[in-house]
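The values are calculated or read from the model by the stated rules, or taken from the named source; none is laboratory data. This one's a predicted model, so the numbers in the text were calculated from it and none came from an experiment. Cβ placement follows ideal geometry from the backbone for every residue including glycine, while neighbour counts extend to all protein chains displayed. The area values use the complete protein model at the heavy-atom level, side chains included, leaving out ligands, DNA and RNA. Shrake-Rupley method; radii C 1.70, N 1.55, O 1.52, S 1.80 Å.
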Amino acid sequence: LIIFFFLMIRRPPRSTQSRSSAASDVYKRQIQDRRKSDNEKESLAIVRRRNEKVLGFQIDKCVCQCVVQLLMTNALREGVEHHFEKLTPELIERVLQIMQHTYNFAKGFNQEIELRKVLWINGFMCDLKHLPGLLKQEIEGLTSLIAIRFKYYQYNKQHGKEYRDQLDTLTRLLLHVMDRFEEAVKQVNEICGHDKELINQLRKLASEEVRAVNLEREIQENTDRLSKALHYHERERDSNNLKSIICSNILLKFNQIDFSEVSNEVLENISQCLNKTSSSLTYAKEVLSDASQEASFIEALSLLNGHIEKIKQLQEQRN
């Protein structure tokens, strides 16, 4: 009886597996997980090949080219900024042409919302929670243009070289950015006005509808509602990105530009554009921003009003 009791104590419970049995189960689960992963990869590969057949191009190759373009744009900008004194005017102009082309192409593609929606529905970058686009390429191209134009203007002015052409080109570029910001905010205003509840509904709707399309690969019944939400989402992203460029690039460098030599017509255009930008920033602050962004808006409006006052003083001196 004692021996039997001792053996019962040493014997492992029936519910407890031996080490070899547990290891065997782990191995079996790994095999099952690996097969499941392989099946998922095979399914994704089939879907990808089908999507590429519909789209007419290789998705991975296209994405890779977009990433390489973005990296090369950034590298080119840094190279020019760090070695500007060693570059010839012809080479600088060539770089500016490349940046302008990059910006124009990306901006044009990003404005084709319906085309981007069709690409997305047919499997191009379908894992995203928003429409595929060249937003980073557009922003990088634009900020590079502004940075190099500023550098070109300042370098020629400091070294006694002809800089009026650079001043005119730089001024047109800055006015273009502020005009785009004013237009983006205007479109947001046309969609939702000052109705913050509607804005929140559109933001939520865009996310929900985009997720539905992403899962089912087809547009839902209410296409008008989806289109409105997507258009609002794109315009809000535009206004936010352009606002960042204006605040972090243009307004901080505006004092470095000598507008005393521009014509009265150009000076009037600058004055009108600054006032429109002030109105657009005020609207964005009141309607599109939250409490965490209030300080940055106040700082930007303060800088902007200071520039408006200086341009106004310059106009009064000429009159």
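For this structure, a couple of remarks:
Yes/no per residue for (1) at pLDDT 90 or above; (2) open to solvent by 10 Å² or more (accessible area, probe 1.4 Å); (3) in a loop (DSSP other than H, G, I, E, B); (4) out of contact with any Gly (no Cβ under 6 Å at 6 or more places or on another chain):
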position	(1), (2), (3), (4)
GLY123	no, no, yes, yes
LYS129	no, yes, yes, yes
PRO132	no, no, yes, yes
GLY141	yes, no, no, yes
ALA147	yes, no, no, yes
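- Residue match in segment 100-113 (condition: among the hydroxyl-bearing types (Ser, Thr, Tyr), open to solvent by less than 90 Å² (accessible area, probe 1.4 Å), assigned to a helix (DSSP H, G or I) and within 25 Å of TYR153 (Cα to Cα)): yes
- Members of segment 280-319 found to be more than 16 Å from LEU252 (Cα to Cα), without any contact (Cβ under 8 Å) to a residue 60 or more places away in the chain and open to solvent by 80 Å² or more (accessible area, probe 1.4 Å), listed by number: ASP290, ALA291, SER292, GLU294, LYS312, GLN313, GLU316, GLN317, ARG318, ASN319
- Close pairs (9 angstrom Cβ cut-off, 6 or more residues apart or separate chains): in contact (Cβ under 8 Å) with a residue 60 or more places away in the chain and aromatic (Phe, Trp, Tyr) in segment 143-154, open to solvent by 20 Å² or more (accessible area, probe 1.4 Å) and not in a helix (DSSP H, G or I) anywhere: TYR152/TYR163; TYR153/TYR163
- Inter-residue pairs, beta-carbon under 9 Å, first surrounded by fewer than 17 Cβ atoms within 10 Å (Cβ to Cβ) and in segment 223-251, second modelled with pLDDT of 90 or more and of a type in the set (Val, Ile, Thr), 6+ apart: SER244/ILE139; SER248/THR143
- Extreme residue, farthest from the chain's Cα centre (by Cα), among residues of segment 66-99 that are hydrophobic (A, V, I, L, M, F, W, C), within 13 Å of TYR152 (Cα to Cα) and open to solvent by 40 Å² or more (accessible area, probe 1.4 Å): LEU87
- Taken as a whole, the condition of being modelled with pLDDT of 90 or more and in contact with a helix residue (DSSP H, G or I) (Cβ under 6 Å, 6 or more places away or on another chain) does not apply to ARG172.
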